[in-house]
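> Right, I'll just put the structure down here and ask away after.
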Amino acid sequence: MNNSKLVDIFKDRNIVIPIYLLKNYKNFKLELNEFILLMYFYNLGDSYLFNPNKFCDELNVDLMELMSLVDSLTDKGFIKVDVKKNDKGIVEEVLSLDGFYSKISLVMREDINKKREDNINNSNIYEIIEKEFGRTLSPIEAEIISAWLDNNISEELIKEALKEAVFNGVSSLRYIDKILYEWGKKGIKTVKDVEDNRKKRNDNRDKNNDNNIDLDSLEWNWFDEDE
C-alpha cells in the first residue's frame, strides 16, 4: 500500500484516527500499512463480517496484499477472525478487535504509571508531606498526590493546603484533598489567590466583630422597661 493509496483512502473515506494512536502507533510495533488497515477496521466497528473483497474495493488494494496485512495483524494479536453461526444457522467469518482494545488499555496504563513515577521522581512534595506527617506515605496516598499533579495543581498550592491542614492539627491527605477541592470551587489556583482569600476572610471577620454588640456588657432593667 503506497503513499498515494493512503492519500486516496483519507480523501475517499471518513476515517477517524484518535490522536493518541496516531502519536503512539509505533509503540504498538506496527508498520504504517498495518496501522492504516487497523484504523480502517476500527472505523467499521467492534465486530463485523469479514469480507476481504469488499475491503479490497474500498481500500483499492489487491487481495494478496490485504490478506498479508490481515495475517500480520492477526499474528500480532490486534485482530481475530472467528467462525460463527448467525441467527439463521449460517456459518460466517466475523472480525473482532478485542485484542486491539486490550493492547490499547495495556499501553495506556503503562503510560499513566510511567507518568506517575516521573512525577514522584521529579517532585519533592512527597518528601515534604512525609516530613510534616512524620511517617511514610501509603501507596494510596502517593496515588492521591500524583492525581493532584496530573490535574495541574501546583506543588506550591499543595504546600499551602498542607499548611492549612497542619495549622488545624490534621495530618490527613483526605483533609488536604478537601481543601484543594474547596479552593478549586472558589477559583483559587495560586498561592497569591490563597493569600487574597485569607485577607478577605480576615477583613470580613474583623468587620463582623466591629458590628457585633456585646449584650453581656449592657445592664438592662426589664422591670423599668415594662412600666
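Read-outs throughout are calculated quantities, based only on the coordinates presented, and are distinct from any laboratory measurement. Just so we're clear, the structure is a prediction, and the values are computed from it rather than from any experiment. Note: ideal-geometry Cβ built from the backbone for every residue, glycine included; neighbour counts use all protein chains shown.
> Can you list the HN-Hα couplings for segment 153-158, worked out from phi with the Karplus curve (6.51, -1.76, 1.60; θ = phi - 60°), rounded to whole Hz and with x for Gly and Pro?
3J(HN,Hα) across segment 153-158, in whole Hz: 7, 5, 4, 5, 5, 4.
> Arranged from highest to lowest average of other beta-carbon atoms within 10 Å per residue, in what order do the peptides 173-184, 128-139 appear?
The densest-packed peptide leads the list: 173-184, 128-139.
> Taking H placed 1.01 Å from N in the peptide plane, check which residues at least 5 places from Glu92 or on another chain put their amide H under 5 Å from its amide H.
Lys84, Lys85, Asn86
> Under 5 Å between amide hydrogens, which residues at least 5 positions from Ser47 or on another chain qualify, with H placed 1.01 Å from N in the peptide plane?
HN-HN under 5 Å from Ser47: empty list.
> For Ser171, list long-range residues whose amide hydrogen, built 1.01 Å from N in the peptide plane, is under 5 Å from its own amide hydrogen.
The answer is none.
> To continue, here is another question. Got a sec to turn the phi values of segment 76-92 into Karplus ³J(HN,Hα) couplings, 6.51 cos²θ - 1.76 cosθ + 1.60 with θ = phi - 60°, whole Hz, x for Gly and Pro?
7, x, 7, 10, 8, 10, 10, 9, 9, 9, 7, 4, 8, x, 8, 6, 9
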